[in-house]
Amino acid sequence: MAKAAVNGIEIEYEIWGEENEQPLLLVGGLGVQLTKWSKTFREALVARNFKVVAYDNRDVGLSTKHDDWGPADTKAAFAQARAKQAVSAPYTLGDMAADAAGLLDALDIERAHVIGSSNGGAIAQIMAIAFPGKIATMVSIMATSGRRGLPRPEGEVAEWLTRPRNLAGTRKGAMDEAVDTARIIGSPRFQRPESELRAEAAEQYDRCFYPEGNSRHLLASIASGDSRVARLCEIIAPTLVIHGREDPLIPLPGGEDIKNAIPNAEMLVIDGMGHDFPDAVIPEIADAVAKNAMRGLI
């Protein structure tokens, strides 16, 4: 792994694949470290002739943290947003999109295919609007357009979204929470073994346990609002939207709205998939990514 100086901060990144292959940037979601992208997914992309770049967003993993801000009160921020009041945050999704573009510059990558997952999908959308020359194609996975009025998570899922992460702050707490998270938002048809979930959570905890960053990522999303919605029609990058039919965190209409808002966008809906990346669906996703990349060869 290595660091790049970007926009006055440091971004941790890693690269897989051959140098002469087409670059593909992976943009993670709320509080997601670059190591969360599974080996299965990375290898599937490398096998389809991509040079894969993954990175830690600011405020997560081994990238620069915004400790001076403190934990975010996301419940209060949601209330402010519903009242159409301005929400203060240390950075916005626009700043995070600029980080992604800046990382490409730091790596001397003129243009790249971009995959954004969950909140990373929102960052990828903004990146495609603000930096169109840097995006060869875009894939938005289990993300939303952010348009007001779309179905929202409900019940236990809504409570999970805003609750503090691993209050005990322990390795076991992180492992227990991973199992609970998979139960709440995971894929009902493709349930992962508990042992696998616990091992992955332990690895993530050992690399960097930083729940404050997760809360500020959500704050950045709330503060950014739905300002990008009106500009989705400006996106010129060939776009593919991938969504799980059973996603309880970002219901399917959120993905459908992206597809309908971006000219010539295509969509893949996967039955039985929730808000995660089960190994069973990775070949189908990787094939769809490669097919979409053919629409914008570098």
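Within the straight-line cut-off of under 12 Å between alpha carbons, the aspartates and glutamates reachable from Lys39 are Glu200, Asp279, sequence neighbours fewer than 8 places apart in one chain being disregarded. Note on the chain: helix-only mean residue ellipticity at 222 nm, from DSSP H runs of 4+ residues weighted -39500 (n - 2.57) and normalised by residue number, equals -12000 deg cm²/dmol. The lysines within cross-link reach of Lys36, meaning a Cα-to-Cα straight distance under 22 Å and a gap of 8 or more places when in the same chain, are Lys3, Lys51, Lys65, Lys172. With kT/(6 pi eta Rh) evaluated at 25 °C and eta = 0.890 mPa s, and Rh the Kirkwood radius from Cα pairs, the range 46-195 diffuses with a coefficient of 136 µm²/s according to Stokes-Einstein.
Centre-to-centre, using Cα atoms only, the range 47-78 and the range 163-186 are separated by 18 Å. Gyration tensor analysis over the Cα atoms of the range 176-254 returns equivalent ellipsoid semi-axes of 29, 19, 12 Å (largest first, whole Å). Dividing the C-alpha radius of gyration of the chain by 2.2 N^0.38 Å, with N its residue count, gives 0.92. Ranking of Cys233, Cys208 by neighbouring Cβ atoms within 10 Å, starting from the fewest: Cys233, Cys208. When Rg and the Kirkwood radius Rh are both evaluated on Cα atoms of the range 15-115, their ratio Rg/Rh stands at 1.06. Between Asp95, Asp67, Asp226, the residue with the greatest mean-square fluctuation in the GNM of the chain (Cα pairs under 10 Å linked by springs) is Asp67. Phi angles across the range 84-98 convert, under the Karplus curve 6.51 cos²θ - 1.76 cosθ + 1.60 with θ = phi - 60°, into 3J(HN,Hα) values of 6, 9, 5, 10, 7, 8, x, 6, 10, 5, x, 5, 5, 5, 5 Hz, Gly and Pro given as x. According to the calculation over all Cα-Cα pairs in the range 29-79, the P(r) per 5 Å bin from zero is 4, 17, 18, 18, 15, 10, 7, 7, 3, 0 %. Within the range 233-298, the proportion of C-alpha pairs whose separation exceeds 15 Å stands at 53%.
Straight Cα distances below 28 angstrom link Lys84 to the lysines Lys75, Lys259, with same-chain residues fewer than 8 positions distant left out. Computed over the chain, relative contact order equals 23 percent, with contacts defined as Cα pairs under 8 Å that lie 6+ residues apart.
Rg then Dmax, both in Å and based on the Cα atoms of the range 121-252: 16.7, 46. The loop-placed trypsin sites (Lys or Arg not before Pro) in the range 62-123, going by DSSP, that have at most 12 neighbouring Cβ atoms within 10 Å of their Cβ come out as Lys84.
Over all alpha-carbon pairs in the range 48-103, figure out the percentage whose distance exceeds 13 Å. Distances greater than 13 Å cover 71 percent of the Cα pairs. Ranked by how many other Cβ atoms sit within 10 Å of their own Cβ, fewest first, the residues Thr162, Thr239 fall in the order Thr162, Thr239.
Read-outs throughout are calculated quantities, based only on the coordinates presented, and are distinct from any laboratory measurement. A quick note: this is a predicted structure, and the numbers were derived from the prediction, not measured. Methodologically, a virtual Cβ is constructed for each residue, glycine included, from the backbone with ideal geometry; neighbour enumeration extends over all protein chains shown.
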